[in-house]
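First comes the structure, then the notes that go with it.
The values are calculated or read from the model by the stated rules, or taken from the named source; none is laboratory data. Keep in mind that what you see is a predicted model, and the values were worked out from it rather than measured. Neighbour counts are summed over all protein chains in view; Cβ atoms, including those assigned to glycine, are modelled from backbone coordinates with ideal geometry.
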Amino acid sequence: MTASQTPSALSAKSGRSLPSPGELFRLTLPQMGLMLCHLAISMTDVWTAGKLGAETQAAVGVVTHIFALLMLLTSLAASGCMATISQSLGAGLPLRAKRYAGLIVMLSAGMGTFVAAFALLFEPFLFRAMGISAEVRPALSVFFTAYCCQLPFYYVLIMLNSVFRAHKKVLFPLLTLLLMTLANLFGDLGFGLGAFGLPSFGAAGIAWTTFACSLLGLASNAALARGYGLLERKTFAPWRWNRRAMPYLFKVGAPAAAGHIVTHLGRLTTLAIIGLLPDSTSALAGMSVGGRVHAMLMFPLGALNMSMVILSGHLLGGGERNVLYAFGRRSAFRLGLALVPPALLLWLLREPAAAFFSDDPAVLAQASLFLCFACASSPLTGMTGMLNAVFSGAGATALSCRINAVTCWFIGIPLSLLLGLTLNMGAAGVYAAGATGQLGAFLWTLRLFHGKKWLEYGLRKRQTA
């Protein structure tokens, strides 16, 4: 592509229009609401847990990381879901898109049941390996049990959300999550803190409210999918078709799941390293609070990335390779610039923002320290995520897997041990190591994107048709 070949010229040459800012906005805005609902549920849990004490708040932070690891197994199906369905729709093969949706729903239900049983069986070993202190473990055990019990239902809920998004029906997941957010707020305040005249169950009330909300969300999604014809009899294909379709699904999904799991294992290892530091309870609670505050800045990024996955799949499925490359490059550059002002503002206001979630001075100090490094690396994190979303839509998840694994375990973890423990820099050394790993991931991702080999990972038009 020469310098004169702008995205507009490329789209005119191909006869297919480049995704307009209006289309990107219409896809992104409801998904921003979706991410905001996820964030509101998470912040509600952290806030109500903080009212019950630092131990309960630390337990919420730890179980969130564990649950994120268990949930990342859904990326085995979720990444394949977005790539296969969006590329099939872009290629004009709606029946193949529906059959992939049915296959993904069945796989997610089976995986959720298996992972939940496995996690509950190895709970004591996991807590010992992470070095969880005795003061945090009782509350953590309650949250862990409730979160594991919801996994089979939550897996299917998330997959149906992905099916909706791949069809560009982004309002349906938003309606479901909005209902779950309101139910979670009512349950946390009522059964967690005893509001509205309800009995207070403390940590158990907060944990099992999350379980009930998952059941409610799944029922809502299933009703919407059936009502709009996304789940029907022909959605569930014969075994012969599924057997031929699964290789590409796993070709896309397995590297995505492996990369995310390896990265989150690294985050759990980071938590274990912090657990070896003095005053580890305050450090863990501070990371939990700081992570929630930083998520307020980054939640639009998650929505935009989901839109990029959808549009990338549709463009590649329609054969618009050059347009997709130009669109991804321009979008990543603009996002990096757009993130600089809000990241700077959050850095300036990090202490009052963290004070909303906790009034413990030690927790606030740790949260402020975490936000210093998180805000500094936000533009790089944003551009890396954008380019990875383009890779995901094109089915090139193997590239993201390689980048995440290497930068986490060969840069982030060794530097955390060196700076945090060996050089006695404490939590600041661990956070600096994480920011360094993010820099390495950005530079490597940018190099692979410009190499264009990721464009060869797409699903062929007649493959499994």
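Flag set for residue 416, criterion: more than 28 Å from residue 168 (Cα to Cα) and over 22 Å from the mean Cα position of the chain (by Cα).
Counting just the residues of region 214-257 that are hydrophobic (A, V, I, L, M, F, W, C) and under 19 Å from residue 309 (Cβ atoms), which one comes out surrounded by the fewest Cβ atoms within 10 Å (Cβ to Cβ)? Show your work before the answer.
The initial filter retains those residues of region 214-257 that are hydrophobic (A, V, I, L, M, F, W, C), namely 215-216, 218-219, 222-225, 230-231, 236-237, 239, 241, 245-246, 249-250, 252, 254, 256-257.
Subset that is under 19 Å from residue 309 (Cβ atoms): 230, 249-250, 252, 254, 256-257.
Details: 230: 23, 249: 24, 250: 15, 252: 30, 254: 17, 256: 29, 257: 23.
Only one residue fits best here, namely 250.
So is residue 272 at pLDDT 85 or above, over 22 Å from residue 396 (Cα atoms) and in a helix (DSSP H, G or I) or not? So residue 272 passes the test. Restricted to region 137-155, and to residues there that are surrounded by 24 or more Cβ atoms within 10 Å (Cβ to Cβ) and out of contact with any Phe, Trp or Tyr (no Cβ under 9 Å at 6 or more places or on another chain), the residue that is modelled with the lowest pLDDT is 139.
When you look at residue 212, is it touching a residue at least 24 places away in the same chain (Cβ under 8 Å), of a type outside the set (S, T, N, Q), in a helix (DSSP H, G or I) and touching a Gly at 6+ places or on another chain (Cβ under 7 Å), yes or no?
Working: touching a residue at least 24 places away in the same chain (Cβ under 8 Å): yes; of a type outside the set (S, T, N, Q): yes; in a helix (DSSP H, G or I): yes; touching a Gly at 6+ places or on another chain (Cβ under 7 Å): yes.
Yes; evaluated as a whole, the condition is true for this residue.
Considering 230, 311, 265, 324, the condition of being in a helix (DSSP H, G or I), more than 21 Å from residue 435 (Cα to Cα) and in contact with a Phe, Trp or Tyr (Cβ under 9 Å, 6 or more places away or on another chain) is satisfied by 311 alone. When region 349-363 is filtered for residues that are assigned to a helix (DSSP H, G or I) and either hydrophobic (A, V, I, L, M, F, W, C) or at positive phi (or both), the ones remaining, listed by number, are 353, 354, 355, 362, 363.
Considering only residues that are hydroxyl-bearing (Ser, Thr, Tyr) and over 19 Å from residue 212 (Cβ atoms), look in region 105-136 and name the one that is surrounded by the most Cβ atoms within 10 Å (Cβ to Cβ). Once the filter is applied, the top-ranked residue is 108.
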